[in-house]
Amino acid sequence: MKTITSFFLKGKTILVLFLLTNTIYLYMVLHTIPTLTQYTGDKGIPDMKPTGYDLTYLQDIFSLLGEAGSDYYLNVQLQIDLFYPIFFAITYGLMIHYLAKKLSFSKYILGSLAFWPVLAGAFDLMENFMLNGFLEKSIELTSFNANICSFFSQAKSLCTTLSFCILLVLACWLAYRSIKRAYSQKTIDVKS
């Protein structure tokens with residue numbers, strides 16, 4: 001177990017995962033989501049609604065998508081978006097863990113901070129599962145189910161935002177500490 005953890009906590013491994021994760025994200029943002037918004041217009045798609053949505057919104061979206069748009073959503077967007085949350089959870093969890101470890105945080109704090117991207121990924125997968133069910137008509141599109149799906153979307157957005165904030169704070173803290181150390185070392189060298 002120790003060798004697996006040490007392999008994944010290497011900077012090069014995290015960089016490769018970061019590039020892969022963000023390549024998937026860019027593909028969705030630059031290709032699949034714009035393709036879907038050709039069907040839905042300014043209403044967007046549920047995946048990109050951080051404040052959530054309601055039954056009426058979902059009914060409107062599914063109506064605007066029509067058969068061709070629903071097919072694209074189901075067989076292209078949601079298939080790609082099956083992988084992104086998993087890669088996001090692993091990559092950003094490892095990045096937070098890596099930076100927090102460099103700052104000598106306790107194991108409890110390391111785990112607590114690195115858990116937010118995992119939660120974001122889990123909520124994203126649950127939202128995708130429900131959207132998939134709505135499109136396949138295996139989950140009934142009711143007000144209750146729309147609210148659950150919306151909750152997953154909002155929770156995903158909150159956890160993703162917290163993950164980015166934690167990452168930014170840790171990176172700034174590490175940069176500050178490195179600059180302070182370098183300055184202290186120069187001060188010592190000048191006095192000697």
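Each value in this text was obtained by applying a stated rule to the coordinates, not by laboratory testing. Bear in mind that the values here come from a model prediction, so they are computed numbers and not experimental data. Backbone-built Cβ (ideal geometry, glycine too); neighbour counts: all protein chains shown.
Remarks
- Helical segments meeting 20 Å axial Cα length and Kyte-Doolittle 0.5 threshold in the chain (DSSP H): 11-27, 78-102, 107-136, 143-191
- For the range 117-157 and the range 43-81, distance of Cα centres in Å: 11 Å
- Shape of the range 1-157, Cα gyration tensor, a/c cut at 1.5: prolate
- Other residues whose C-beta falls under 13 angstrom from the C-beta of Lys101 contribute a net charge of +3, scoring Lys and Arg +1 and Asp and Glu -1.
- The count of lysine pairs in the chain that are at least 8 places apart or cross chains, and whose C-alpha atoms lie under 20 Å apart, stands at 15.
- Sites matching trypsin sites (Lys or Arg not before Pro) across the range 88-153 that sit in DSSP coil, with at most 11 neighbouring C-beta atoms within 10 Å: Lys137
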